[in-house]
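Structure first, commentary second.
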Amino acid sequence: MSSAARNLRAEKVRRIFERFDSNGDGGLNREEMAALVVAVNPRVKFSDEQISAILDEVFRTYSDFIDEPAGLTLHGLLRTYDDGAGDVDRDFDALSLSLPHSPSPSSPSATSVAAAALSAADDPSTSSIIDPSFPPKRASAAPWASSSPNHGIAFDSTWPLLDDLEILVKRLRSKQIQKSSSDNNNGNNNFDSFSEAGWSREIDHADRRFHWDESSADYTVFVKELTALRGRADAAGRDEAFDAHMAIGRSLYEHHLFREALNSFRRACELVPTDVRPHFRAGTALYALGRHGEAKEEFLLALEAAEASGNQWAQLLPQIHVNLGISLEGEGMVLNACEHYREAAILCPTHFRALKLLGSALFGVGEYRAAEKALEEAVFLRPDYADAHCDLGSALHAMGEDERAIQEFQKAIDLKPGHVDALYNLGGLLMDAGRFARASEMYTRVLAVRPNSWRAQLNKAVALLGASENEEAKKALKEAFKMTKRLEVYDAIAHLKMLHKKRKHGKGSGSGVDSEGEFLVVDASKFKRIGRKTTLRQDLANALEIRAFQRLTRLDHCDIEQLKKEMSETNVPLSYSGSGAPVKSIRKAGLEMILQKLLQFLKAETFQGSVKAVNEKILSVMDASGSGRVDLGIFFAVIAPLCSGPTDRRKRVVFDALLWRQTNEGRGTLVRRNDAISYIKLLRAVYIPSHGVSDMMELHGESDPSMISFSEFLEIFNDQDWGFGILSTLVKLEIGDRIRHGKHTCSICQYPIIGSRFREARQHFSLCNRCYSEGKVPSAFKQEEYRFKEYGSETEAIKDKCTCFTLNSKSTESDP
C-alpha cells in the first residue's frame, strides 16, 4: 500500500471514530462501539446477546488498545480494520461520511493534512519530544512505531520492508488459521481469567499468542522469505540496517512470532552492541519463549547500557527494572525481583504496575505488611486494577484481616467477573471461616471458567464435605481424580470411603477404634512413657514442626557436603555490625542466589515456596531489625542440621560454619563460647520458639570470653534442655517416612500409620505421630492416665509381643 493510500485510509478511520465518540473522551466505550456495529450493518438485526459477544471479543482481542475508562482508542479501531475485522471503505460509505474538500487519494495536500492531523491527535505531547530531524510517521503505523523517536522508525527505507513483512505474515496466517481456530475451540482462549503474569504492556500479550505451527512447510517458506527480507535490510548502512531489524523484530513480536523476532533483535545487537533497545526487546522475546535465564541476561545488558548512557534512557530504566524483576521471578528468584521492582517504583513513583508487582512478590516471600503497603499504593494510583485488588485481598487474609480481604476480592470480581484467582482465593478464605456452602459456590464459578482445574474441583469437594453434602463431595472428588490422577486425590477418596464404612458398621468391631470420629485432647501430664526410647509428646510436636519445614524447603534433599563446599567457595568480605564485631553479612537477595545453588534441583515455583518458608522462619528472626542483611555464617549453621547426611557430619559442618564466620586470630579449631551460645539461642528461637529461650544467655553466662573445641561445642549442642538435642528425634522422623505398620491405622484420624506407632498399654489403641503429639485419644477410652510405648517398625512390635508371651509362659510354668 502506498503512503498516500495509507494516510487516506487512516483519515477515513478517524472520521468513523469521531462520528461515534459521542462524549469526546478519545475512546469508544461499549455503548459507542455497539452503535458503530449496528450502524455499519444496517441490514443485520442483531440480538443483545450477539452484540455483547461481538464487543467481548473486540475488547479482549484489542485489550492493548483499551484506555480505561474511555474505551477503544483510535489506534485500536485502526488496528481492527488492519486485521481485516471490517472494510473501511464500505463502512465509510455506509455512514455517508465525506473527506474535507473531497480530495483524490493522490492529492499531496490531503495526505499531508491527514498525516499531520493523525499525528497531533494521537499524542498531544508529540511536538515537544520529537526531534524534527526524524521523518514523519506513517498514519497507519502501529503505536510502537509512532509513539516516540526512541521506539519508532527513523528511516523511510524501513517502511517498504515492513509493508512486505506484513504481506508475508498475513499469507502465513491465512494458511494456518484453520489450525489456530481448532486450538481456540479446544478451550485455549481463556487468557483473561487469571491474574497477569506481571509483564509490562510491552509483554502483556505473551500468553495470548497465536500458536504458529513451526514444523509446517508453509512456515519453512516464510522463514526463507524473511531471511531474504533481512538481507535487504543488511544491504543498507549500519544505522539504517539497525532501524530496519528493530522494526522487523517488533512487528514479528506483535504477531507472536517470538523466535524470529529474537533473531532480528539479536542482529540489531550485533550492529549496535551498546544500544539499550535491542537488548531490552531480545529480553521480552526470550521471556515469551520461556527462556527466563537468557531473558534475565539480556535485561542485565540493557540495564548496564542504560546506566552507562547518562539520562538518555532514563524513561526506559523503570521498565527495564520491572522486566528484569519478572525474569528473575520466572527463575524463582523472588527476593532479587523485589529489589528491581522497588528500584522501578523509586525511579517512577506513579508506576502502579511496579508497585503491584512489588506487593505481589513481597506477599510471595511472606512479608505481608510490606506487601499490603505496596498494593494499597497500586490501587490508589489505579483503582480499577483487578489483579492488585486480588493480591491485596490475599495479603490481608494472610494477616487475618478477613473482612477487608473479602472486600478486596469482591472488588476484583466486580471489575473482572471471571477473575479466577480472586474467586479461588475468596473460596479459600470462606472455607477457612467455615462458610462451606458459599466457598463451594466460588469454586463452582472457578470451574465455569476453568473446567479442567483439578485443584478447584478438589477444594470444591472439601467445601461440600464441610457443608455435609457427602454425595456431591464424592462426585467432585472423582472428577478431580479423573483430571489429575494424583495420589493425594486417590488417598482422599479412599479415606472418605473408609470413614463411610466405619460409620456404617458402628462400634461393634471391637478393635478399639472410635468409629464416630470423636476424641479427647488430654493434658500432657497424663501421657506417660513406657521406656526411655518412647519420645516425649512435646519433643515430638516440635520435631514434627521442624520436619514439616524441612520438607517444605526441600533442605532434606540438600547434601551436607554440598553445603560445606558452597561455604568454602563463597567469598564474603567482613563488615562491621552495630555491636562492632566483624561478621560476614550479605543481603537477602545475595543469600537467595546461594540458596538457589544449594537447591538447584528444584523447579522455579517450588524454589519460590522454599524461599518463602526460609524467609518467614529463619530470616525474619536473623534480621529482626529489618536491615535486609544477615550473617551468612550463622545462616549456614542454622540450616546445616536440616540437610541430608550423617548426624555427626551435620554437627561438624555447624561447627565449621561458626569457624568460617569469625576472625580466628590464629586459632582455627576453636570458636568463642559466646558465639556458640548465641548460635544455640538463635537456633532454638527459629525451630523451637515456644520454649522461652530468651533467658538462656543469662543462665549460661553472657560474658564468657573463652574459646571452645568441637567436643565442648557438642556438649552444648546435644543438651536436651538448652541445646538442640531434638535433632535425634528429627532424624528418627526422617527415617520413619519410609516405614509402614501393615494394616494398623490411627484410632483418631483413621489414616494408615507411617513412621512411629504409639500403642496404649491398657486399651491397646494406636496413634500416629501427629495425633500422639497433639494429645488426642478416643473419647470411648477416657481414663486418668495413658501409658504409651513407641514402635519404630512392626518388627519391633512383634518382638515385644513375643517377649511378653515368653515371660508370661515362664510365669505360668513356675506357678505351683
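Key figures
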| item | result |
| --- | --- |
| Pairs where the first residue, in the stretch 626-650, is over 24 Å from residue 335 (Cβ atoms) and in a helix (DSSP H, G or I) and the second is among the acidic types (Asp, Glu) and open to solvent by 30 Å² or more (accessible area, probe 1.4 Å), C-beta under 9 Å, 6+ apart | 649/561 |
| Residue list for the stretch 738-789, filter: in a strand (DSSP E or B), aliphatic (A, V, I, L, M) and over 13 Å from residue 522 (Cβ atoms) | 753, 754 |
| Members of the stretch 407-422 that are under 15 Å from residue 56 (Cα atoms) and part of a helix (DSSP H, G or I) | 415 |
| Some residue of the stretch 664-682 being within 21 Å of residue 549 (Cβ to Cβ) and either in a loop (DSSP other than H, G, I, E, B) or in contact (Cβ under 8 Å) with a residue 60 or more places away in the chain (or both) | yes |
| Subset of the stretch 430-443 (residues that are among the hydroxyl-bearing types (Ser, Thr, Tyr) and open to solvent by 60 Å² or more (accessible area, probe 1.4 Å)) | none |
| Any pair with Cβ under 9 angstrom, 6 or more apart, that starts in the stretch 39-61 at a residue that is assigned by the TED database to the domain that holds residue 79 and over 15 Å from residue 86 (Cα atoms) and ends at one that is basic (Lys, Arg) and in a loop (DSSP other than H, G, I, E, B) | 60/208 |
| Test: residue in the stretch 427-439 that is within 23 Å of residue 350 (Cβ to Cβ) and not small (Gly, Ala, Ser) | no |
| So residue 344, is it of a type in the set (A, V, I, L, M) and not in a loop (DSSP other than H, G, I, E, B) | yes |
| Candidate set: the stretch 25-62, residues that are in contact with a strand residue (DSSP E or B) (Cβ under 9 Å, 6 or more places away or on another chain) and in a loop (DSSP other than H, G, I, E, B); chosen: the one farthest from residue 89 (Cα to Cα) | 25 |
| Qualifying positions in the stretch 272-292 - open to solvent by 30 Å² or more (accessible area, probe 1.4 Å) and at negative phi | 273, 274, 277, 287, 289, 291, 292 |
| Test for residue 301: is it at pLDDT 95 or above, open to solvent by less than 10 Å² (accessible area, probe 1.4 Å) and either on the phi < 0 side of the Ramachandran plot or touching a His at 6+ places or on another chain (Cβ under 9 Å) (or both) | no |
| Conditions (1) touching a Leu at 6+ places or on another chain (Cβ under 7 Å); (2) in a helix (DSSP H, G or I); (3) among the hydroxyl-bearing types (Ser, Thr, Tyr): number failed by residue 360 | (1) |
| Of all residues making up the stretch 38-65, the number that are of a type in the set (Val, Ile, Thr) and buried (at least 18 other Cβ atoms within 10 Å of the Cβ) | 2 |
| Filter result (modelled with pLDDT under 80, farther than 14 Å from residue 26 by Cβ and crowded, with 20+ Cβ neighbours inside 10 Å) within the stretch 83-122 | 110, 111, 114, 115 |
| Residue 64 being closer than 26 Å to residue 173 by Cα and touching a residue at least 60 places away in the same chain (Cβ under 8 Å) | yes |
| Residue that is modelled with the lowest pLDDT, among those in the stretch 767-797 that are touching a strand residue (DSSP E or B) at 6+ places or on another chain (Cβ under 9 Å) and surrounded by fewer than 12 Cβ atoms within 10 Å (Cβ to Cβ) | 782 |
| Unique match (being in the same structural domain as residue 647 (by the TED database), assigned to a loop (DSSP other than H, G, I, E, B) and of a type in the set (Phe, Trp, Tyr)) among 549, 601 | 601 |
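The values are calculated or read from the model by the stated rules, or taken from the named source; none is laboratory data. In this text, all values refer to a predicted model and were calculated from it rather than measured experimentally. Cβ coordinates were reconstructed from backbone atoms using ideal geometry, including for glycine residues, and neighbour counts include every protein chain displayed. Remember, those area values only see protein heavy atoms, side chains included, never the ligands or the DNA or RNA. Shrake-Rupley method; radii C 1.70, N 1.55, O 1.52, S 1.80 Å.
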